[in-house]
Structures are given as structure tokens and as C-alpha cells.
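The values are calculated or read from the model by the stated rules, or taken from the named source; none is laboratory data. Fair warning: this is a prediction, and the values are worked out from it, not measured in the lab. Cβ placement follows ideal geometry from the backbone for every residue including glycine, while neighbour counts extend to all protein chains displayed.
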Amino acid sequence: MKPVFRWLLTLCLVMPVLASAQTTTSEEEEAGDVSEVDKDRLGPLRERVRPVSGHVFLKKGRFEFSPSATLSLRDAFFTKYIFGGVLTYHPVETLGVSLRVGYALNSVSGAAQICTFSDGTDGSTRGCSSPTKAELDGRAPGQLKLMGGADLQWAPIYGKLSLLAEKFVHFDLYGVVGASVIQYRGPDLDDTTGLLAKDYMTPGGNVGVGLRFFFNRWVTLRTEVRDLIYVEKGRTDNYLRNQLLFELGVSFFFPSSNPES
């Protein structure tokens with residue numbers, strides 16, 4: 001009887017251990033390789049590339065002040081360097097209302113040429129040279145001086161750029177449209193004054209797109225490309241002009257944190 005009793009006692013002790021081992025094996029088979037799961041959950045890749053969501057930077061209820069410098073593009077006569085600023089209020093996250101002002105410094109474009117014709121032994125000959133600013137003053141279009149206006153911004157796109165798979169740069173893409181008032185220099189149409197050039201004021205409009213790159217919760221880098229459209233007076237008629245402008249500025253938001261955060 002003793003050997004039989006010993007066998008029964010041994011079986012009673014071994015059976016729970018076998019059952020526990022089978023259960024553990026079954027759970028591992030259902031979950032897959034546990035070591036691989038742990039790597040996916042705690043491994044270096046998951047630590048380096050964390051999922052990101054939501055707006056880190058909020059504009060609603062805040063003012064944006066942006067000193068800026070602007071350069072004219074593809075200008076035939078004058079290259080404009082415009083220095084100014086933009087003040088924007090964002091009533092909602094995707095909309096902004098802004099006022100802008102700028103002062104333009106003009107330099108003669110490298111593409112500008114003045115050509116003269118004379119009779120030579122082989123017929124007419126042409127000579128071309130780069131003009132001086134005095135020679136173009138009031139005669140060539142696009143000689144801007146002062147600009148001001150009101151714009152409406154719409155920013156429907158907010159996104160993130162991954163840098164080296166470890167850092168993220170937040171940005172938003174916006175469109176801008178607005179009305180402008182432009183002071184420019186044109187020909188003096190009053191023959192009694194004896195002047196060759198005169199300053200004029202004219203209404204205009206602008207349309208463009210821009211990008212903001214967020215450094216932190218209150219400083220951004222802002223870029224814009226805008227087309228400025230206005231009417232200039234000539235000696236014989238009025239002409240529709242457009243100037244393609246590239247603007248670069250640094251924006252400061254205040255309050256420095258979103259009122260709702």
C-alpha cells in the first residue's frame with residue numbers, strides 16, 4: 001500500500017505544475033513572441049519616435065506682432081527692400097485679422113537697361129547701358145515708397161515636420177487676402193510745376209500664402225509670398241501693375257501663453 005500511496009501523492013503534486021505550464025504556453029502562443037512584444041512596447045524605436053497629436057501652439061484670443069523684411073521678385077526696373085511690420089489678432093484658431101505697414105527702399109534692378117540708337121556706317125547701331133536711379137526716377141514703373149493695408153488670414157492646415165526622426169517642428173499654412181494703400185513715384189502730369197517726378201497714392205490689393213514655424217509657445221518664424229496689385233498713372237494712360245513679394249519675419253505672440261491653456 002505504501003508504494004501506491006506514494007505514487008498517488010506524486011501525481012497530485014505534479015498535475016498542477018503541468019497544468020500551469022500548459023496555460024502559460026497557451027497564452028504565449030496567443031500573444032505571439034513575448035520578447036518581441038516587449039521590444040515593441042519598451043524598445044529604443046518606440047522611445048525615439050513618439051506619436052504626436054493635437055496643437056502644441058494655439059493662436060485663438062492672442063495678438064501676433066511680426067517685424068518683417070520684404071524683397072521684390074522678378075522686377076524689371078527697381079528691386080524693392082521693404083521694412084515694416086504686421087499686427088494680427090486671432091479671434092479663432094484658423095482666422096486672423098491684421099494691419100500691415102511698410103517703407104520701401106528702391107535700387108535699380110540689374111536687368112534694367114537704357115538703349116540708344118544712332119546712325120553708323122553700316123546702318124543704325126544700338127548702345128545699351130545700366131541706368132542710374134535719377135534716370136529712372138518717375139519714369140519707370142514700380143517705384144514704391146509706402147504701403148499699408150488690412151488683411152484677412154485663414155489657416156486651415158496645422159502640421160508637424162520630423163527632423164532626424166527625433167525632433168518635430170510644428171507649423172501652419174495660411175492664405176492671406178487684403179486691401180492696400182500704396183504710395184509710389186510716377187511722372188509729374190502737371191506741366192506748370194517743372195518737376196519730372198511726383199508722389200501718388202493709389203488703392204490696391206494683395207493675395208498670397210504663408211507659413212509659420214513655431215519655435216515655442218510665443219515665438220514663430222513667418223514667411224509669405226504675396227502678389228501686390230495696384231494701378232499706376234502714366235503720361236498717356238493708367239496701368240495695372242503687380243509686384244511679387246517675398247516676406248520674412250519673426251512673430252511674437254501675446255499673451256505669451258494661450259488664455260485657455
>> So the check is Cβ under 6 Å with 6+ separation or different chains; which pairs have a first residue in the stretch 65-76 that's touching a residue at least 60 places away in the same chain (Cβ under 8 Å) and a second one that's charged (D, E, K, R) and surrounded by 14 or more Cβ atoms within 10 Å (Cβ to Cβ)?
In response: Ser66/Arg222; Ser68/Glu247; Thr70/Glu247; Ser72/Lys80
> Could you count how many residues in the stretch 131-161 are in a strand (DSSP E or B), without any contact (Cβ under 8 Å) to a residue 60 or more places away in the chain and over 17 Å from the mean Cα position of the chain (by Cα)?
Replying inline: 5
> Considering the stretch 226-237 alone, what residues qualify as being loosely packed, with under 15 Cβ neighbours inside 10 Å and more than 20 Å from Arg185 (Cβ to Cβ)?
Replying inline: Asp227
> Between a first residue in the stretch 238-250 that is over 16 Å from Val181 (Cα atoms) and hydrophobic (A, V, I, L, M, F, W, C) and a second residue that is modelled with pLDDT of 95 or more and not in a strand (DSSP E or B), which pairs have beta carbons less than 6 Å apart while being 6 or more apart in sequence or on different chains?
Replying inline: none
> Which of the residues that make up the stretch 221-254 are within 14 Å of Leu73 (Cα to Cα), under 15 Å from the mean Cα position of the chain (by Cα) and among the hydrophobic types (A, V, I, L, M, F, W, C)?
Replying inline: Val225, Leu245, Phe246, Leu248
>> Condition first: crowded, with 16+ Cβ neighbours inside 10 Å and aliphatic (A, V, I, L, M). Can you find one or more residues in the stretch 124-134 that meet it?
In response: no
